[in-house]
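Asks: For reference, the structure I am asking about is given below.
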Amino acid sequence: MSDLRERLTRAPKVVLHDHLDGGLRASTLLELADEIGHDLPESTPEALAAWVQRQADSGSLAAFLEPFSHTTAVLQTPHALERVARESVLDLAADGVVVMESRFAPELSTAGGLSIEEVLDAVLAGLHAGAAEAADAGRPIRVGAIVCAMRQADRSLEAARAALSRRDAGVVGFDIAGPEIGFPATDHAEAFALLRSELFPFTVHAGEAVGPESVAQALAVGASRLGHGVRVLEDVTVGGDDSATAGSGHASARPHFGRVASYVRDRQVPLEVCPRSNTQTGTSPSIAGHQVTALRDLGFTITLSSDDRLWTGTTLTDEMVLLAEEAGWGWDDFRQVTLDALDAAFIGQDERMALLEHVVLPGWTD
Ligand SMILES: [Zn+2]
């Protein structure tokens, strides 16, 4: 397996779903907190990272969210935003990522007086600086930003306008994040209508805490990808069984696809799947029993991502190695999800084809 890990680390990978405020380095969190006199529960990077991961593993949503109060507290200045953005690019490039879409909710960084546009500009400056540095170090990486609005708040229209104002400066897409239960995507219909009218693509976190009905809402507002989306599997039944247990164990039974699952599979709507994050939030029982394997077998379009790297203590390579060890995934599966992720990335076709031909395909030969 160490040989596979080495090959996967080297292979050119694509990350579509990575949260800036969930992936900062523990050492950076400590230094930024120190600069503003913000108290943290631990005082070394190792202990702090372990604490965040314990919170994430605890099974309680309140505990899971607690570390975000600290990352949000430090991400209130252009300096901090730029630093964290720059480092995230370097960290992903070091893991062999060649196309990265970094997402963040600018509205969470306005408590110190910054406007949403100022937050965007700081993050974009950091992303571009990180990409330039990675290229200089021989690890070129294509970086785009996805602007998130929070489901439970009412600033999505403002965030959408800001995203559009920076669409030629590195913002490539839009998303809504935050609590799925009780806050349907349709609450943000005005923002999505604006984005559609401006022909600007977006993804929506859906099918993580809520099942197919939330996926249906995300599709109804026009999402072209789904953040997680794995609970769409609940809309597939096998052999007359209503529990969604489709998969290799039922190879002889013919699956029945409900309307939502049909739409997602037949139209090949890409799922941004973050396996370990899903096991932490209780969306999936384990890596071995993760919906992603059944979804792959059923012909859904799967991409793999790292979600909140500090919370999960993960990298995209780690996610792939776990799927190999615990769910039987192999090199060809990872090659396929990489090709599908490149296809789903919010980038222009000329750049996509150049990356495919010169970077991705040559890096995934056997
Ligand atoms: Zn996410």
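Every number here is computed from the coordinates shown, using simple stated rules; none is lab data. Given the structure is predicted, the values throughout are model-derived calculations rather than measurements. We place every Cβ from the backbone using ideal geometry, glycine too, and count neighbours over all the protein chains shown.
Asks: Of the conditions (1) free of Cβ contacts under 8 Å to residues at least 12 places away in the same chain; (2) among the small types (Gly, Ala, Ser); (3) not in a loop (DSSP other than H, G, I, E, B), GLY138 clears all except one; give me its number.
Replies: The single condition GLY138 does not satisfy is (3).
Asks: Enumerate the helices (runs of 4 or more DSSP H) found wholly within the range 1-113, keeping only those where 2 or more residues are of a type in the set (Lys, Arg).
Replies: 2-10, 78-94
Asks: Between residues in the range 154-168 that are within 10 Å of GLU117 (Cα to Cα) and residues that are part of a loop (DSSP other than H, G, I, E, B), which pairs lie under 8 Å by C-beta distance while being six or more apart or on different chains?
Replies: Close Cβ pairs satisfying both conditions: ALA159/ALA105; ALA163/PHE200.
Asks: Quick one: which of LEU310, LEU298, LEU339 is surrounded by fewer than 23 Cβ atoms within 10 Å (Cβ to Cβ) and over 17 Å from the mean Cα position of the chain (by Cα)?
Replies: LEU298
Asks: Go through the range 250-279 and give me each residue that's part of a loop (DSSP other than H, G, I, E, B) and either in contact (Cβ under 8 Å) with a residue 60 or more places away in the chain or within 16 Å of the ligand (Cβ to nearest atom) (or both).
Replies: Residues satisfying the conditions are PRO270, CYS274.
So that you can scan it fast, the table gives a plain yes or no per residue for (1) of a type outside the set (A, V, I, L, M, F, W, C); (2) within 14 Å of the ligand (Cβ to nearest atom); (3) closer than 29 Å to GLU82 by Cα; (4) part of a loop (DSSP other than H, G, I, E, B):
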| position | (1), (2), (3), (4) |
| --- | --- |
| ARG161 | yes, no, yes, no |
| LEU164 | no, no, yes, no |
| VAL172 | no, no, yes, no |
| ASP175 | yes, yes, yes, no |
| GLY182 | yes, no, no, yes |
| THR186 | yes, no, no, no |
| ALA191 | no, no, yes, no |
| LEU199 | no, no, yes, yes |
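Asks: Restrict the check to the range 206-213 and report whether at least one residue is among the β-branched types (Val, Ile, Thr) and either within 16 Å of the ligand (Cβ to nearest atom) or surrounded by 23 or more Cβ atoms within 10 Å (Cβ to Cβ) (or both).
Replies: yes
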